[in-house]
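To keep things clear, I will list the structure first and then write my remarks on it.
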Amino acid sequence: MAEEASHVTDPADLGVVDAGALLRQRAISARELATACLARIRDHDGTHSHEGDPGSINAWVRVYEDDALAAADRADERLAQGDAAPVCGVPIGLKDLYAVAGKPLTASSSLLDVTPQRSCDAWSRLDAAGMVLLGHLHTHEFAAGGTTDQVGNPRALDRSAGGSSGGSAAAVAARMTPAATGTDTAGSLRIPSAACGTSTVKPTRGLVSIRGIVPLAPTLDHAGPMARSVADCEPLLAAMAGVTPPLERRPLRRVAVSPRIAELDPDVGDGFDAAVDLLEVVAVPPPEVELDLGLAFLDLVCTEMLVWHRRFDDRRGEYRLSIRGFLEYGESRRLPAVEYVALQERRLEDAERWLDWFAGHEIDALVEPTLPIVARLRGAGYDAPFTDGAEISLTHYWNWVGFPVVALPSGTGPRSGLPTSVSLIGPPHAEWDLLAAGAALQTALGT
C-alpha cells in the first residue's frame, strides 16, 4: 500500500496509513504533508463562517496554519529520531467541540466563545502521538442536529454533509485532511460519514474519554475518528483511546441482518444488498427487546442538554431555532428524577438483552444501512427542531445501548449519484474485530 502511495502526486491525497508509512520511511516530510493539506483547504473550502454560503464547502471554522507548520516541524524531528508512532506527522482536524489549550472553542455557535486552558483528553492523546492539528471543523450548532447546513457536501454542494460532525466528513471527503474527529450522540459520526462517503467508528461507550469535549447528552455521547477508509480509522482510534489494538482479531463468522431496517431509498437498498451479498449472513429470530424507543431517547437527550446549557438561559434568543426547540422541549417535559433514572435502567436492560441475544445465537455482528436515505438538500436543518428523524432513525439506537459500530461506504447510488453506507454493529469491546472486518468488506466493495 505504501508503495502505491509513493506514486501519489499530491500529498494531500494520502490516507492515514499510507501517509504514516511514508513519513516513517522519510519519503515525505510532515511539513510537506501539512503544507499540501493547507493548500487544499485554501483552494477548496471557501468561506470559514458559522453561516456558510451555497458556493462553499465551509468545513473549517478556524485554520491554524502557522501552528500546524510548527507542529509538523516538531513531528519531523521526532521522525528523524526514529519515532515509530503510526500517526506521527499525520494532519488532522478537530470537531469544534474538542478543547485545545489556547485555541478558541465555539461549537459553531454565536453563543460560545471560550479559550480553554486545558485540552480535552482525546486531543491530548493525539497530540502526544505526534499528530498535526490543522484547525477546528464545523458542527451542527452544539452538535444538536443531523444536517450541519452551513457546510456543503463535497459530492454535491446543494446537499447536506450530514451532522452533527458535518465539517469533519466534508473535510475528509474533499481531501483537505486525511483524518478528523467527531462526536456521536444519535449518529453524529455515522450520519455525515454516510452522506459524504467516508468511514468511521463509534467505539464502545467509554473507550475514548469525552472529558473536555463540549457535551450534548453526556451519558449518550461518544467520541471517535473519521477517515477515508476503515483501515485508516484504526490507528486513529487507538491513539484517541491511548491503547494498543489487539494483534489477533475474531473473524465475523456469523453475521445477522438487523431487525431494525425500515423503508430504504432505492440507492441505499442497492448498496446494502451489495454488502450483504459479501457477508456470511445467517437467519435468526430477533431479540426480545423493544426496538422502537419512542420518546424515551428524545426525553433523555433534551433533559441532559438542559444541564450544560443553563449557562445561556438569559441568551436563549441567540440560539438557532432548532436548538432552542430542543431546550424548550426539555423544559416542557421537566422529567422527574425518578423517570430519568428509569430511562437509564431501561438502557441497561436493553443492552443486557442484546448481549444475551448475541451470545445465545453466536452472532458476531449485525449489518444494517447507516442511513435509510441519501444526503438531503441543504437548508432546513436549523429552521425547526426534530427535522432529522430520517437521519437518526437507524443510528440512535446504538448510542442508547452503547455498542460499537463501524460505518463504511457501500457504493454510489446510480440514481442520485450520492454515497450510500453500511454499518457493522457488535457487542461491547468488539470494535477491533469490526474494524478488521469492515476494512475487508470495504476492499471487497471497492469503496
*Accessible area expressed per residue, the chain, with surrounding protein chains retained (probe 1.4 Å, Å²)*: 37
*Averaging sequence separations of C-alpha pairs under 8 Å and six or more residues apart, then dividing by the length of the chain, give the relative contact order as a whole percent.*
17
*Using 0.36 nm per residue of separation minus the Cα-Cα distance, give me the extension gain between Gln81 and Asp67 in nm, one decimal.*
2.9 nm
*Please identify every one of the trypsin sites (Lys or Arg not before Pro) in the stretch 16-46 that sits in a loop by DSSP and has no more than 14 other beta carbons within 10 Å of its own beta carbon.*
Arg26
*So, counting K/R as plus one and D/E as minus one, what does the shell of residues with Cβ under 15 Å around Ala80 add up to?*
0
*In whole Å, what is the distance between the alpha-carbon centres of the stretch 428-447 and the stretch 134-179?*
23
*Which value in deg cm²/dmol, rounded to the nearest 500, describes the helix-derived mean residue ellipticity at 222 nm for the chain, given -39,500 (n - 2.57) per DSSP H run of n ≥ 4 and division by the residue count?*
-11500 deg cm²/dmol
_Where in the chain is the longest stretch that carries no GluC sites (Glu not before Pro) classed as loop by DSSP and with at most 11 other Cβ atoms within 10 Å?_
52-247
*For the stretch 100-236, what class follows from the C-alpha gyration tensor (a ≥ b ≥ c being the square roots of its eigenvalues): rounded when a/c is under 1.5, otherwise prolate if a/b is larger than b/c, else oblate?*
rounded
*asked:* With the cut-off at 1.5 for a/c, could you classify the stretch 248-379 from its C-alpha gyration tensor as rounded, prolate or oblate?
replied: oblate
*Distance from the Cα centre of the stretch 112-128 to that of the stretch 277-295, in angstrom?*
38
*With θ set to phi - 60° and the Karplus curve 6.51 cos²θ - 1.76 cosθ + 1.60, what are the ³J(HN,Hα) couplings of the stretch 314-321 in order, to the nearest whole Hz, using x for Gly and Pro?*
8, 10, 4, x, 8, 6, 5, 4
*Rounded to the nearest Å, what's the spacing between the alpha carbon centres of the stretch 336-409 and the stretch 206-255? Just the number, please.*
17
*asked:* Computing the accessible area with a 1.4 Å probe over protein heavy atoms, can you report the carbon and sulfur percentage for the stretch 105-210?
replied: 43
_Carbon/sulfur fraction of accessible area - the stretch 271-427, other protein chains in place, 1.4 Å, %_ = 54
*To the nearest 0.05, what FRET efficiency results for Thr244 and Ser332 with a Förster distance of 45 Å applied to their C-beta separation?*
0.40
*Which whole-Hz ³J(HN,Hα) couplings does the stretch 134-148 yield from phi under the Karplus relation 6.51 cos²θ - 1.76 cosθ + 1.60, θ = phi - 60°, glycine and proline marked x?*
8, x, 9, 10, 5, 10, 4, 2, 6, 6, 9, x, x, 10, 6
*Mind listing the phi-derived Karplus ³J(HN,Hα) values for the stretch 364-370, rounded to whole Hz, using 6.51, -1.76 and 1.60 with θ = phi - 60°, and x for any glycine or proline?*
8, 7, 9, 10, 8, x, 6
*Sum up the charges of everything whose Cβ sits under 14 Å from the Cβ of His138, counting Lys and Arg as +1 and Asp and Glu as -1, but leave His138 out.*
-2
*asked:* Tell me the net charge near Ser165. Cut-off is 15 Å between Cβ atoms, Ser165 excluded, with +1 for each Lys or Arg and -1 for each Asp or Glu.
replied: -3
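The values are calculated or read from the model by the stated rules, or taken from the named source; none is laboratory data. On a predicted model such as this, the values are computed, not experimentally measured, just so you know. Positions of Cβ are backbone-derived with ideal geometry, glycine not excepted, and every protein chain shown enters the neighbour counts. Quick note on the areas: whole protein, heavy atoms, side chains included, nothing else; ligands and nucleic acids left out. Shrake-Rupley method; radii C 1.70, N 1.55, O 1.52, S 1.80 Å.
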